[in-house]
Each structure stands twice: as structure tokens, then as C-alpha cells.
Amino acid sequence: MKAANATLRKIALRSSLSTFFAMFLIVGAMPTTPSNASTPLFHSVTFVENDNPNDPVYSTQTANVPTALTSFANLNPSFANSGFTFFDWNSSADGTGTSFANGSIFSFGTAEVLYAVWRSIDHSVTFVENDNGTDPVYATQTDNAPEPLTLFTNLNPVLSNPGFTFVDWNTQSNGNGVSYGNGSTYSFVGAIDLFAIWSAIPTTTVNFENTGGASSSGPISNYVGESTTLPSGSGMSNPGYTFVGWNTEADGSGTEYAGGATYIFTVDQTLYAQWSPDSFTVAYSYDGGQATLVSSIYVVASPALVLPTPIFVGNTFDGWFNAETGGTIIGVGGSSYTPTGSTELFAQWTPNATDVMTFNSNGGSGSIAQLSGEDGTSISLPAGNGFTLPGFAFSGWNSQANGSGTQYAEGARFVLDGTQSLYAQWTAGPSATVTFNANGGSGAINPIVGSPGSTITLPDQTGMLEAGFELSRWNTSATGSGTSYSVGEAFKISGSEVLYAQWSGHKLAALFGAIGTFKKDSSSLSAALKNQINRIAVTIKSRRYSKVDLFGYTSATGLKSLNVILSRTRARNVASYLRNRLNAMKVRGVTISSTGEGAIAGQSSNAYSRVEVFGV
């Protein structure tokens, strides 16, 4: 009990009453029996009601040995103090003297006045939940002086009324009595019931619209200020799209909410499903054709893809199919294609008729291999050093044996147009030989023999190679300090001499693998080749290569342009699949380049149908 509301005592009786008690004590102290050393004297205790200064009410008890004080309830006359309850006895009216509990042992060795000490009576406030007519839930607070009422949020047990918020307390359940605010002060002069008064919380609803998809979520209703978990999108579908959340506007310009996010109810609201178009990858397998496009990315609802038109010398493109052989045609080159998922398309070909070019020694001896290719393709005419004619020098080719037709120099480009022959042309006199030095590269180019003063076309690097480099020029000096000539330039023979290859590019760090061998005249990746690429990807990751160069090769096909196209396509296909594998392994920052090196002169073995892998 707080100090301000603790024990209340009646202090100060009137002075005449004090005088009376003093006289009474003198009388009470006189012996009531003859003096006898073995018999203690009787003494009296006077119990004073002590409820107000003018109240003379008292009672007495007499004894001559320690005896229990008369119980407060048995006093005669009885004591009462309205609004208070008896606490104990005290030798001082103001309660500052010696205290004696009700019925405790008293010595009765002297006469004594004991004053009743009173305590205010506690009263209880009962807090009634008042949410329905039969609800017994309540909490209480007891005190005997003005105190703040227990805060609503601190009541025990907790009072609640779902769908309503607490307003205040009232002495009547209908709110028509006296109101008390939450935590306001109450006098506690009597017991009272206080009824909780409630205010209804508004209810709001959130509706869900699928905006183009199938199925949706039903509406959710709750009280303002309450929360719910928004649907995750599970069970909803929109072919070609992925659910990405909700928005207060159908076009996504409003407030965004993620699927599964917490939503607070404020007002009635419609949330619209938001969809992101899916992306599909279309990979192209050229099966020997020239790869103009490795893959395409299609985003749903965007314009259709345009299928590439590949080139494969000596073949006619039949179209794109869903299988390497057979299958269903998807479209031809240039046609529109709208995929419904990631896929791979396969080019299929029909071989064209082949033209054959033969070379006649025209009186000389020796042989030069024939060349073949598709109508309209270009070949490089061979040097005449495969033929000899004593006392004569080779001076070029002609469509007529007597030289009356079209004249062609060695190394000149010739467009095939049906099966035909070219005839060696001879000039009387000494001959000279132009020799081509790889100058650090590998392979060889046949020397060109001709008469002094005749003109030849300088060859390209077909037959020679140096990994990471390409032939840029020819020079009369190995160091490049002599006379320089461009590849394909007309060169006038003045005598026998050596031209040195000049290479441009960069030296590769390490050859650490090769992908092969490819099937004859094919650039498709078989399962075995893909396994090899997977192993190369693991090596790149473990060695932390940052740059990888791929060089494609093919066995000699007899047609230079086909050699280059085939080797380049192989390198590109390997590069595309290698990038995919590195992405799957989460390897980033690796630069991959691919180059077709054609064929090594004179090498027809299928072992050269491969892609070499260099790494830094």
C-alpha cells in the first residue's frame, strides 16, 4: 500500500478524555488485594477506539500475568470506524509508539492505554471486456486512494474485441454512464465495474486480376491496419510469360508488390498480376555451312526472328529443321520464325553437281592434280612447276592449246563454269623459279617456275600457317627490310629468287587441347566432340585462362574456299558451345576468338579435321 494511502490512524483525543485516562491509570495501578509477595498485582489495559478526537469509546482488560490481549472482535463495547478496518494496537494514538498485534501476548506488568490503529478499506475496479452479452472476461485493479487506472494495454488478462478498437471506460455497458479515459485517475472510494467501450474497425478488400493469364486468386478481406501475405503467383499461368509480382495499376505504373510480400489493409484495392516475357535461345547448327549467326535470342511478344541463310559451297540449302537428319522443316533462309521455347535448329543440305578443272601439260611432262568445285565458285590456278619441257619455261595457262584462247597467270582466280581444261603455255628460253619461304611458319607453297619477264600472281598463305598469325605480305628479306609485295599482287619474274612470308598477329601462350576429329566435310558437333569441349572448359576454369584462341583446320578438300569456310565454321561452332559450357560453370571474363586456317597443303588425312585450342 502506498505511503499516502497506507495506515490511517486517529490521533489526538480531546484533553478531558486524556485526563480521564490518566486518573483511570492511577486507580488501575492500585492493588486490589492485600499485599502479598507471591501474588502479582493486577493491571488494566484500556483499549481506545481512536476513530476521532471526540469519541470516548473504550474497553478494558485486567490481568496480573502475561495474557493474550482480548481479540478485537470480542471487545465490549465493540469498536467501529466507518470506511476503515482494524490493523493493530499502538501505545501512541498517532501510531508512533509500540505496536501490538490483535490477540498478541501482553505482560500486564503495568497499566497501559492501547490505541486502535485503522487502515483504509481497499476497493476494486473491475474492467469488463464488454464485447458480447455473455463474455465473462475481465481484469481488476484494487486500491484505497485516487490512482491512475491500469492502461488498457497493460491489463491482465488482456481484453480484446476482434474487429474493434478500444475507446474508453464507462460505468454502463451501453456507454451512457460516466466515462473514464484510458489511464485516467479514479478515487477508489468504492468498488465499481467499468465497461470497455469499442469502436468498429472498417473492413477492406483486396482483389486480384490476372491481366491476361489463366486462373487467379480470390479476394482477401480484413480490418484496416491488419496485414496479409500476397499470393505468390502459384497456380496462375500465362504461356510465354513469368509472374513477377503485383501492381496497383494494370500497366505496372502504380505501386509494386512482390509475390509473397506483406500487404497492409488500408482501402479497397485491386492488384494486377505483372508478367515478364520469357526469353528463348535458338541455336543454329550449320552442318558444314558458313555460320553467319551462332544463335538468336527471342523475347516473347517481340517481332519474329528472321532465319539466317547459310552458305555451303557445293551444296544447296534445304532449310532449317528440328533434327540433324529428317525431322520437320521449320523454315527456309529469310523466313520468319516465332519459337515457343529454347531450341536448336539444324541446317540440311543437298550436294550440288561438281565441276572439274584439269590441267594439260601441252607437250610437257609431269602432272598437276585436277581441281573441282561447284558452278560459280572460285579456285586459285596452280603453278606450272609440276610440268617440265626441256628448253622452255612455263609462262601461264590458256583455254586453248595454241594460246589463242584466254590467258591466265599462275595463282590467278578462276571461276568454275562446267568441266573444262587449261593448257600449259611455254616460252622458249631459260626458266626462273620463285620460291616461297614460310619464315617461321609451317607447311609449304609450291614454287612457281616461269620465264624471265613473265608475270605471276603471288599466292596467299594456303599451305602455310603459323598459329595466331596470318600472312600479311611477302618480302625479299626474311626480316621484312627488302622489297615488299602484297598477297595476290602481280609479280614480274626477273630471275630465280626467294620471297619470305611476313606474319602479323600474336604469339599464343600454350596449345593445351584439340577438338577432333570432325566428320569429312562436316562442322557439326557430335556427342564425342561436345565431351571434348566439356573437358576443355574444365581446364580453362582450373588454369584460370582469360583468353582462348581457336584455330580450325580441315583436311584438303581440293577447293581452297571450301577449306577456309569449313575450318572457320568448325572453330565458330566450338567457340559457341564452349561459351555455353563456361556460362553453365559460372566462369566469367574469358575472351574466346575463333579463326579458320583452311587446310595444310598436301595433307588429306582426316586427322587434320580439328580445332586447336590455345590459352593465355
Notebook entry, point to check: Hey, among the residues in segment 175-191 that are farther than 19 Å from ASN154 by Cα and of a type in the set (Val, Ile, Thr), which one's surrounded by the most Cβ atoms within 10 Å (Cβ to Cβ)?
Noted result: VAL189
Checklist line | Residue list for segment 201-238, filter: of a type outside the set (Ser, Thr, Tyr) and farther than 26 Å from SER276 by Cα | finding: ILE201, PRO202, ASN222, VAL224, GLY225, GLU226
Next item on the list: Could you list, in sequence order, all residues of segment 147-179 that are assigned to a strand (DSSP E or B) and out of contact with any Lys or Arg (no Cβ under 9 Å at 6 or more places or on another chain)?
Entry: PRO148, PHE164, THR165, PHE166, VAL167, ASP168, TRP169, ASN170, SER179
Notebook entry, point to check: Which one of ASP355, ASP417 is over 30 Å from PHE614 (Cα atoms), in contact (Cβ under 8 Å) with a residue 40 or more places away in the chain and in a strand (DSSP E or B)?
Noted result: ASP355
Next item on the list: Output the number of residues of segment 80-133 satisfying the condition of being outside any strand (DSSP E or B), within 60 Å of the chain's Cα centre (by Cα) and surrounded by fewer than 19 Cβ atoms within 10 Å (Cβ to Cβ).
Entry: 3
Check: So how many residues does segment 403-414 have that are touching a Leu at 6+ places or on another chain (Cβ under 6 Å), part of a strand (DSSP E or B) and within 19 Å of ILE493 (Cβ to Cβ)?
Finding: 1
Next item on the list: Report the residue count in segment 537-565 for those that are without any contact (Cβ under 8 Å) to a residue 60 or more places away in the chain, in a loop (DSSP other than H, G, I, E, B), over 17 Å from LEU525 (Cβ atoms) and not hydrophobic (A, V, I, L, M, F, W, C).
Entry: 3
Next item on the list: Tell me, please, whether a residue that is at positive phi, at pLDDT below 90, within 57 Å of the chain's Cα centre (by Cα) and not assigned by TED's automatic domain parsing to the domain that holds PRO310 can be found in segment 374-395.
Entry: yes
Margin query: When the residues of segment 455-468 are narrowed to those that are modelled with pLDDT under 80 and of a type in the set (S, T, N, Q), which ends up surrounded by the fewest Cβ atoms within 10 Å (Cβ to Cβ)?
Written below: THR462
Next item on the list: With respect to PHE312, determine if the residue is touching a residue at least 60 places away in the same chain (Cβ under 8 Å), surrounded by 15 or more Cβ atoms within 10 Å (Cβ to Cβ) and either in contact with a helix residue (DSSP H, G or I) (Cβ under 9 Å, 6 or more places away or on another chain) or under 24 Å from PRO239 (Cβ atoms) (or both).
Entry: yes
Next item on the list: Collect the residues in segment 358-383 that are farther than 28 Å from ASP521 by Cα and either touching a residue at least 24 places away in the same chain (Cβ under 8 Å) or assigned to a loop (DSSP other than H, G, I, E, B) (or both), keeping them in residue-number order.
Entry: ASN360, SER361, ASN362, GLY363, GLY364, SER365
Next item on the list: Please state which one of ALA478, ALA501, ALA509 is at pLDDT 85 or above, surrounded by fewer than 18 Cβ atoms within 10 Å (Cβ to Cβ) and small (Gly, Ala, Ser).
Entry: ALA478
Item checked: Test result for THR292, under 30 Å from ALA571 (Cα atoms) and either at pLDDT below 90 or charged (D, E, K, R) (or both) -> yes
Note to self: Checking the conditions here, which among ALA347, ALA393 is assigned to a strand (DSSP E or B) and either closer than 19 Å to ASP318 by Cα or touching a helix residue (DSSP H, G or I) at 6+ places or on another chain (Cβ under 7 Å) (or both)?
What the structure shows: ALA347
Next item on the list: Quick one: GLY341 ticks every box in (1) outside the structural domain of PRO303 (by TED's automatic domain parsing); (2) under 60 Å from the mean Cα position of the chain (by Cα) except a single one, so which number is it?
Entry: (1)
Check: Could we say that ARG568 is under 19 Å from ALA527 (Cα atoms) and either free of Cβ contacts under 8 Å to residues at least 24 places away in the same chain or of a type outside the set (Phe, Trp, Tyr) (or both) here?
Finding: no
Margin query: What pairs come out if I take residues in segment 318-340 that are closer than 20 Å to PHE280 by Cα and pair them with residues that are of a type in the set (D, E, K, R) and at pLDDT 95 or above whose C-beta lies under 9 Å away, six or more apart or interchain?
Written below: none
Next item on the list: Select from segment 192-211 the residues that are among the hydroxyl-bearing types (Ser, Thr, Tyr) and either without any contact (Cβ under 8 Å) to a residue 24 or more places away in the chain or loosely packed, with under 12 Cβ neighbours inside 10 Å (or both) and list them in ascending order.
Entry: SER199
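The values are calculated or read from the model by the stated rules, or taken from the named source; none is laboratory data. Everything quoted here is computed from the prediction, not taken from an experiment. In this analysis, Cβ positions are derived from the backbone assuming ideal geometry, glycine residues included, and neighbour counts consider all displayed protein chains.
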